[in-house]
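Readers should treat all values here as calculations from the given coordinates under stated rules, not as data from a laboratory. Because the structure is a prediction, the values reported are computed rather than measured. Glycine gets a Cβ as well: all are built from the backbone with ideal geometry, and neighbour counts include every protein chain shown.
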Amino acid sequence: MAKRKPKKAKAAKTKSAAKRSARKVVKLASAKKSAKKANGNGLHLPKMSAKPYGKDGKALSGVRILDFTHVQSGPTCTQLLAWFGADVIKVERPGIGDITRGQLVDVPGADSLYFTMLNHNKRSITIDSKHPQGKRVLDELIKKCDVLVENFAPGALDRMGLTWDHIHKVNPRMIVASVKGFGPGPYEDCKVYENVAQCTGGAASTTGFLDGPPLVTGAQIGDSGTGLHLALGIVTALYQRTRTGRGQKVLAAMQDGVLNLCRVKLRDQQRLKAGPLTEYSQYSLGIPFGEATPRAGNDSGGGQPGWILKCKGWENDPNAYIYFITQAPVWGPICDLIGEPTWKTDPEYATPKARLPKLKQIFDRIEQWTTTKSKFEVMELCNEVDIPCGPILSMKELAEDQSLRKTGTVVEVDHPTRGKYLTVGNPIKLSDSISEVKRSPLLGEHTDEILKNVLGLRPNVIAEIKSSGALSAPKKEEKAA
Ligand code: CAO
């Protein structure tokens, strides 16, 4: 008996183990079956959205941003987050608001295009952040928000009492994201605008013609470029918070952002040690290189030589030009197009190395051909044989481009005080997420709505805060005093 007992127990154990594993198999099989049913691919993967392109909710819905940004860099960042569905609450100074509301005004009495084109899809609340009652309202908002974004001058947020320690104490989950002109170092206390960043980040010293002064570019790489960097930092911090549960500080310095965009120029700085930069037209002109990456005119930044060439009508149209790249694999088609078929086999022209010292002469010859055609004709002929090129498009042409309207990259928006205007919509397209462009808010348009719905304040409390003066501009006599 004593011997049989363990046997029985063993058998019972084996039986139940077998039962369990059978159940497991059944479970797995049915899970596989249901996955197969769900996906049609047998894998544990979600189904493709059944909704039309871009109509499956908003990527950042549920994220609330306390937006303390102004001018261009910060607003670019929060506008992107708002397009992706974040609830962006823009805190503005009572009576004045974001200074750009009144800058470069084209329609008297209406918010400027500068403001409207950088603040879509946001709500506006006016709060005097230095008023004791205003500070209390801000603390309540900090509790209800996920991210605080600001681009004040260095130290301004601290002077409002909104130090990192204070914010972290009020809401440890809050991410505090800042644009500053410079990172820690000798210039950290400086105020910075777009062109200052272009100059200090390496863009201006490498832009322009060799025999001319440094140039800034029309692309707002200092402001909008840094706003983009900051948006990525915020989304990354939100992602990390899902693991740590904690907020963190995010800093995007404009100098750093510009330098990041000038990465290839720092590449060239280091290549100088190995000899002249042969792809720069300076080399083909026999001009010696100095100690720093030079300005390269319209040279292409990569290994395939390129230049801007005149097209038909250039004498009267400042934009009748095309960017033309003599990419090595399409050298044959280029020779055929411009009427120099012998250059395909002539050892003086047949290889990229042989062509390098003659780039100016080659581009002059290509230009003889491009000046016989409009920039769009050149584009069409080149595209047929895979030659990379791009017409110089004016802002007028871009504004009228119907394909950009169709993709939502250029959007017409209606505004209650200025009427219809064009703006650049979200340049980043997600296949599952809606990205509608809604007009920018009027100053303080959503103050009551935010106090009531976000903070849950009762009408008498709202009235009390209002009468304290925390949400309105100081009266003239108070100002004077
Ligand atoms: N209630 C009360 N005061 C407010 C307020 C509010 N809601 N919002 C702002 N203010 C106050 C600030 O507290 C600050 O006051 P203090 O100087 O007394 O602390 C004041 O308004 C002005 O802020 P600021 O110094 O940031 O603004 P500025 O116009 O003098 O400078 C800029 C503008 C852009 C140069 C500066 O903000 C800056 O260097 N920002 C960082 C870099 C940046 O983003 N530059 C890009 C700008 S886009 O070209």
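See the values below:
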| quantity | calculated |
| --- | --- |
| Local net charge near residue 418, Cβ-Cβ under 14 Å (Lys/Arg +1, Asp/Glu -1) | -1 |
| Cα pair distances exceeding 18 angstrom across region 83-137, given as percent | 41 |
| Dipole in debye (nearest 20) - region 354-481, about Cα centre, beta carbon charges: Lys, Arg +1; Asp, Glu -1 | 360 |
| The chain: calculated mean residue ellipticity at 222 nm from DSSP helix runs of at least 4, using -39500 (n - 2.57) | -11000 deg cm²/dmol |
| Inter-label distance for residue 385 and residue 244, nm, one decimal - labels placed 7 Å from Cα along Cα-to-Cβ | 5.7 |
| Charge dipole magnitude, Cβ of K and R +1, D and E -1 - the chain, Cα centre, debye nearest 20 | 5680 |
| Cβ-Cβ FRET estimate between residue 463 and residue 187, R0 fixed at 41 Å, reported to 0.05 | 0.35 |
| Most positive-pole-ward Cα, 422, 248, 274, against dipole of the chain from beta carbon charges | 248 |
| Alpha-carbon centroid distance for the pair region 66-95 / region 389-453, whole angstrom | 15 |
| Kirkwood Rh in Å, taken over region 297-387 so that all alpha-carbon pairs contribute | 13.3 |
| Straight-distance crosslink candidates among aspartates and glutamates, where the alpha carbon sits under 19 Å from residue 55 and sequence neighbours closer than 8 are dropped | 87, 432, 436 |
| If the convex hull is drawn through the Cα atoms of the chain, its volume per residue in Å³ | 302 |
| Non-local Lys pairs in region 262-370, i.e. 8 or more apart or on different chains, that have alpha carbons under 30 Å apart | 18 |
| Selection from 409, 471, 343 lying farthest towards where the dipole of region 330-481 points positive, charges on Cβ | 471 |
| Cross-link table 143/466; 144/249; 169/475; 58/438; 130/191; 143/249, entries beyond 26 Å C-alpha to C-alpha | 169/475 |
| Considering only the chain, percent of DSSP beta bridges that pair antiparallel, nearest 5 | 40 |
